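The values are calculated or read from the model by the stated rules, or taken from the named source; none is laboratory data. Just so it is clear, the model here is predicted, and its values are computed rather than measured. As a convention, Cβ positions derive from the backbone with ideal geometry for all residues, glycine included, and neighbour counts pool all protein chains shown.
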Amino acid sequence: MRIISMPSWSDIVNWVDWFPIVFFPLKIIVLGVGMFFSIKWHHDQAKKEKEDKAN
């Protein structure tokens, strides 16, 4: 019979050490994509408004 125990402290520390390495690049990518589409949307809206005023 195998006894299931809590994860050891070294396993928890190992996960904590990797978290910033994974989280921050992912955060930068997600925010970068969001900023790109935000700027694109505002640019397209200004272009559409300019075309509407010309007609």
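Descriptive notes on the structure:
- The one condition in (1) within 24 Å of the chain's Cα centre (by Cα); (2) at pLDDT 95 or above that ALA46 fails to fulfil: (1)
- LYS27 being in a helix (DSSP H, G or I), surrounded by fewer than 10 Cβ atoms within 10 Å (Cβ to Cβ), of a type in the set (Lys, Arg) and free of Cβ contacts under 8 Å to residues at least 60 places away in the same chain: no
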